[in-house]
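Below is one structure, written out as structure tokens; the observations come after it.
Only the coordinates and a few stated rules stand behind these numbers; no lab work does. The model shown is predicted, which means the values in this text are computed figures rather than measured ones. Cβ atoms come from the backbone with ideal geometry, glycine included; neighbour counts cover every protein chain shown.
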Amino acid sequence: MRFKKQIKILVSAILAVALLITQFSASAATLSGLQKNLSDLQSKYKSLEVKQEQMKEQYERAVQDKENRLEYKNLLQEKINATIEQLDILVMRIEILDNDIETLEEQVEKKEKEIDANYETYKERVRAIYMAGETGLLEFVLSSSSISDFFDRMVIAKSISDHDNSIIEGLKGDKQELEDTKKRIEDNRRDLSSTKAELEAKQDELDRLYEENNAVIKELEKNESYYLSEQKKKAAEMKELNADIEKAYKEIEKKRQEIANQNNDPTGGGKTSSGSSGSGSSGSGSASTKVISGKVYSSGLMWPTPTLSTITSGFRTKSRPNHNGVDISGRGAYGSAIIATMGGTVYKVGDHGSKSYGKFVMIDHGTINGKSYVTLYAHCSAIYVSKGQTVKQGQKIAAVGSTGNSTGPHLHFEVRVNGNYTNPLNYFK
Ligand SMILES: [Zn+2]
């Protein structure tokens, strides 16, 4: 039954192909699903980052506003204190004037009494003269012994009434003077009273402003703690998302490995031919270099990623002439260690990351054989050093990630000599 056997072979062949196609497409679908999931997570992360930045700005604005308000509060307090001092002085001065007015009133009263008393004496004297009859004074004058005596007596008689008159006039003048002084002081007191009323109104206004300002400060403090807690909340969410992103990368990697095994690809995931980095499309550089991690090469440099050695994009290739470094990736790239290739000082840290480099670290290695060396590590998922920090060769400085303009986890590594880009691979021969 050759025909039957042939059919059997044909059927099993079809089945095998069908199975292979099903498996492949199923895997491919899952992989694209995983990649979709990852990009969703990444865009969520980016929007969180934006929101957190906004919270940070609002928090900083609230802090600044509060500082200004506290300064204003101090200014108001100073003004209130000055007004209180002025008011105290005014009250004191008014008190003194009131005392003066009282004393003057007493003096005026005394003068009035003196005037009254003198007037009484004057009246009595006039009455006495009257009682004695015109003749009294006339007799006194007429009984003069001589003409000169007569004139003397006339003068005396006149001077008696003149004297009384002048005393009374003098007293009246004194009294007028006292009353004038009293009036001046009363005017003065009225001025002071109105000034005092003005000051009191001013103080009321200052008190009102002070209360108002305090209320604003309280409100700002409330905002401040709200924005701060929101910032913390967002940071926690970002941390969680970061873990999800890391997990998503691992799942994608695992899936790729599965597909590679199903296709019986003996090279495994090391090559990641499907391109763990979309940017690594250059044919010329996409190969594993025979680097030895931990070795100090004759150039003085150490390979920057101890667990990764796949070059997914080379230095200034035909397809990417402006690519000023090399892209390094490989299995388990996401979150793996990045080390300082040489000792030096952390020159720059892109914590929030630039659009192209993402989170990055730059290390200044100083001058070696008359040339200055700076290395750059980009697209990191985490950074473990800060600006100005001294690092040793081989020290872990960051973790591989996919921040910035990157389509998959990899390290973008640059070596700048005297400010010029050089091919990093030249230092690992
Ligand atoms: Zn690159």
Checklist entry - If you rank Arg416, Arg316, Arg127 by fewest surrounding Cβ atoms within 10 Å, what's the result? => result Arg127, Arg316, Arg416
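Once you list every other residue whose beta carbon is under 12 Å from the beta carbon of Tyr210, what net charge do they have if Lys and Arg are +1 and Asp and Glu are -1?
Its environment carries a net charge of -2.
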Checklist entry - Quick one: Ile84, Ile101, fewest Cβ neighbours within 10 Å first, how do they rank? => result Ile84, Ile101
Checklist entry - What FRET efficiency comes out for the pair Glu78/Ser148, r = Cβ-Cβ distance, R0 = 60 Å, nearest 0.05? => result 0.10
Checklist entry - With labels modelled as points extended 7 Å from the Cα through the Cβ direction, what inter-label distance (nm, one decimal) is found for Ser39 paired with Asp174? => result 11.3
Next on the checklist: Can you sort Ile147, Ile167, Ile338 from fewest to most other Cβ atoms within 10 Å of each residue's own Cβ?
Outcome noted: Ile147, Ile167, Ile338
Checklist outcome for this item: Along the stretch 38-54, Karplus-curve 3J(HN,Hα) (6.51, -1.76, 1.60; θ = phi - 60°) to the nearest Hz, with x for Gly and Pro, reads 5, 5, 4, 4, 5, 6, 4, 4, 5, 5, 4, 4, 4, 4, 5, 4, 5
Item to check | Vicinal HN-Hα couplings computed from phi for the stretch 115-121 (Karplus, 6.51 cos²θ - 1.76 cosθ + 1.60; Hz; Gly/Pro x) | outcome: 4, 4, 4, 5, 5, 4, 4
Checklist entry - Which net charge results when you count Lys and Arg as +1 and Asp and Glu as -1 among the other residues whose beta-carbon is under 10 Å from that of Ile339? => result +2
Checklist outcome for this item: With a Förster distance of 30 angstrom and the Cβ-Cβ distance between Leu70 and Glu237, calculated FRET efficiency to the nearest 0.05 equals 0.40
